[in-house]
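Step one of this worksheet: look at the structure below.
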Amino acid sequence: MKKKILTLAAVVTLPFILLVMYLLASMASYSNTYDEIVSNMTVANNYNLNFKEEMDESLYKLVVGYVTLDTIETDKSLKNPYTLIDELRSEFTRLTAITTESESKLWLESLLRNIDTLEKRVDDIVDSISAGGRYNENIEKLDNNIYILTELIQDDIQYYIYYQTRYMDKVTDTLQDQIGRFMVVCSVLIGVLIIVVAVSAVMIVSGIIQPISQLNQATEKIAQGDFNARAQADSDDEVAELAVSFNKMAGSMQSLIDKVKEDERKMRKADLRLLQEQIQPHFLYNTLDTIVWLIESNEPDEAVTMVVTLSDFFREILSKGKEFISIKEEEKHISSYLQIQEMRYRDILEYDIQLDQVIYKYQILKLTLQPVVENALYHGIKYKRAKGCIHIHGEKEGDIIRLTVRDDGVGMDEEELEQLRQQIEKPCQETEKGFGLANVNERIHMYFGPEYGMKIQSQKGKGTTVEIVIPAILEAPVEKTGNDTAKVAEGGNSVNFDANKKIKSNPKQQNANKIIEGGRPQQEETGV
């Protein structure tokens with residue numbers, strides 16, 4: 001297509017370029033000739049006005065004895081006759097060399113001959129004056145020779161100017177004839193080009209529109225679900241390349257749709273696996289054991305509290321099958337989880353939840369914070385072998401919500417931290433450790449995009465901080481089946497921050513570990 005358009009442009013522009021170049025060359029030639037003629041006429045006109053008068057006056061004063069040949073140049077009004085003759089001969093010899101018009105050249109040659117004769121007559125007068133010749137004889141030579149020759153020279157100059165003027169008119173007429181021919185040729189050429197351009201435009205436009213129309217028809221079929229539709233690619237231009245690419249795209253769309261379905265199934269499986277990880281038998285067994293020992297130790301209130309908390313915990317996990325819950329509901333879930341764990345690990349665990357109430361109404365993927373909190377407990381606080389604290393903080397920053405889980409546990413060195421960072425960036429099915437964190441990070445990426453997700457900072461012996469960034473979404477996503485993806489509507493109005501809500505543990509709860517000291521040991525559960 002590009003070649004066709006360039007060919008058409010060349011066909012249109014090249015003749016005009018040639019004509020313009022011809023006209024410019026003619027104008028340049030005319031300009032040079034005109035300047036040359038004007039320059040020659042200027043030189044000739046200067047001598048036409050001054051030469052005769054200066055020559056006659058200088059020779060007359062030599063004859064009458066007013067000046068001598070040696071002192072003549074001391075008078076500023078006079079010039080040496082030989083100097084005048086040499087200047088005149090030099091200028092008109094140069095004009096003879098550059099003049100091309102024949103009549104002008106003839107008069108220049110006559111002028112040069114008269115200059116030679118004038119120089120001889122001047123020699124006669126100078127010799128007569130030097131020999132002491134008589135005054136009357138010298139005056140007679142002036143009248144019969146010098147004045148006549150200077151007049152002839154002046155006539156030659158005037159004829160030269162006259163023929164140069166005629167030559168200038170001839171050059172102007174020639175240029176006008178060239179312009180006239182140029183206009184005629186240009187008019188004819190424009191007519192021919194209009195026909196050529198019209199025919200070429202119709203052919204090129206037809207060659208472009210037809211495959212585009214076929215491509216549009218194939219696109220409509222694809223839009224209606226017919227993935228067997230193909231566009232024709234009979235030409236060899238860009239539209240044909242587009243048709244080939246379209247056909248490849250149509251051929252791969254079905255496999256891409258299948259892949260999307262498979263990815264959705266994998267995501268559902270990952271969610272189920274995460275739920276299974278959360279409802280670990282060890283966690284459930286130990287919690288139930290703790291409840292039994294509380295009852296046997298005559299602590300019914302604490303047992304009831306733990307049962308209610310466990311019930312809340314599982315209720316929040318199920319969430320009626322929803323994938324998105326409010327941040328307030330997520331807070332209840334982690335609060336229930338931490339209350340249960342605090343009853344079991346009261347001598348080593350403290351926690352502090354500070355989520356700004358402004359973010360309560362925003363949506364979050366279910367089980368976003370709980371895996372991170374569990375990881376902080378089992379890989380940070382528990383290995384510290386001393387009391388530690390888990391801080392949970394959340395606030396809205398512009399169009400995002402930033403959630404932070406920080407513990408003061410054992411932390412990690414640079415090598416361990418880098419390995420964990422690499423693991424959470426993998427698909428959760430491929431992770432060797434840190435599945436819960438990888439699952440959370442992957443689900444955030446899948447629902448919101450790669451610009452959101454999880455960041456981990458840690459120092460050995462000082463603790464670990466996990467930061468989660470998600471978009472601020474007010475309305476719950478509409479969950480669909482099949483090939484449709486969950487859609488979310490992002491809220492646009494900012495709300496002023498209220499006072500932070502701080503949820504702390506119940507100080508009246510008994511330490512389950514003290515009860516266990518008298519009987520059966522607890523089973524150990526692992527983090528995520």
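The values are calculated or read from the model by the stated rules, or taken from the named source; none is laboratory data. All values reported here derive from a predicted model rather than from experimental measurement. Glycine gets a Cβ as well: all are built from the backbone with ideal geometry, and neighbour counts include every protein chain shown. To get the accessible areas, we keep the full protein, side chains included, count just its heavy atoms, and leave off ligands, DNA and RNA. Shrake-Rupley method; radii C 1.70, N 1.55, O 1.52, S 1.80 Å.
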Simple SL model, points at 7 angstrom along Cα→Cβ for residue 459 and residue 151; separation in nm is 12.1
With R₀ set to 60 angstrom, the calculated FRET efficiency between the beta-carbons of residue 183 and residue 82, to the nearest 0.05, is 0.60
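Can you tell me which of 411-422, 66-77 comes out highest on packing, and rank the rest after it, using the mean Cβ neighbours within 10 Å? If you can, show how the numbers build up before the last one.
Numbers: 411-422: 14.6, 66-77: 11.6.
The packing order, highest mean first, is 411-422, 66-77.
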Taking r as the C-beta separation of residue 127 and residue 170 and R0 as 45 Å, the FRET efficiency to the nearest 0.05 is 0.45
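Kindly give the semi-axes, whole Å and largest first, of the ellipsoid equivalent to region 17-113, taking each as the square root of 5 times a Cα gyration tensor eigenvalue.
So the three semi-axes of region 17-113 are 41, 13, 9 Å.
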Too long for a 26 Å Cα-Cα cut-off, among 248/426; 261/396; 266/455; 261/366, are 248/426; 261/396
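Would region 285-435 count as rounded, prolate or oblate if I go by the C-alpha gyration tensor, calling it rounded below 1.5 in a/c and otherwise prolate when a/b exceeds b/c, oblate otherwise? Before the final figure, lay out each step's value.
Values: a/c = 1.72, a/b = 1.24, b/c = 1.39.
Since a/c reaches 1.5 but b/c is at least a/b, the shape of region 285-435 is classed as oblate.
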Debye calc, one equal point scatterer per Cα of region 389-443, no solvent, log10 I(q)/I(0) at q = 0.26, 0.32 1/Å comes to -1.04, -1.08
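Summing +1 for each Lys or Arg and -1 for each Asp or Glu, what net charge is found among the other residues whose Cβ lies under 13 Å from the Cβ of residue 141? Walk me through the intermediate numbers first.
On the way: positive: 120, 121, 134; negative: 56, 123, 124, 127, 137, 140, 143.
Combined, the nearby Lys, Arg, Asp and Glu give -4.
Pop the C-beta distance of residue 194 and residue 22 into the FRET formula with R0 = 35 Å and round what comes out to the nearest 0.05. Mind dumping the intermediate values first?
Working: r = 21 Å, r/R0 = 0.60.
It comes to 0.95.
Sort 121, 113 from largest to smallest accessible area, using a 1.4 Å probe on the heavy atoms of the protein chains. List each step's numbers first, then the result.
Numbers: 121 70, 113 140 Å².
If we order 121, 113 from most to least accessible, we get 113, 121.
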Neighbours of residue 348 by Cβ distance under 9 Å: Lys/Arg at +1, Asp/Glu at -1, summed charge +3
In the neighbourhood of residue 56 defined by beta carbon distances under 13 Å, the net charge of the other residues (Lys, Arg +1; Asp, Glu -1) is 0
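Sorted by average packing, counted as other Cβ atoms within 10 angstrom per residue and highest first, what order do 356-368, 100-112 take? Show your work: numbers first, answer last.
On the way: 356-368: 20.2, 100-112: 17.1.
Highest-to-lowest ranking by the protection proxy: 356-368, 100-112.
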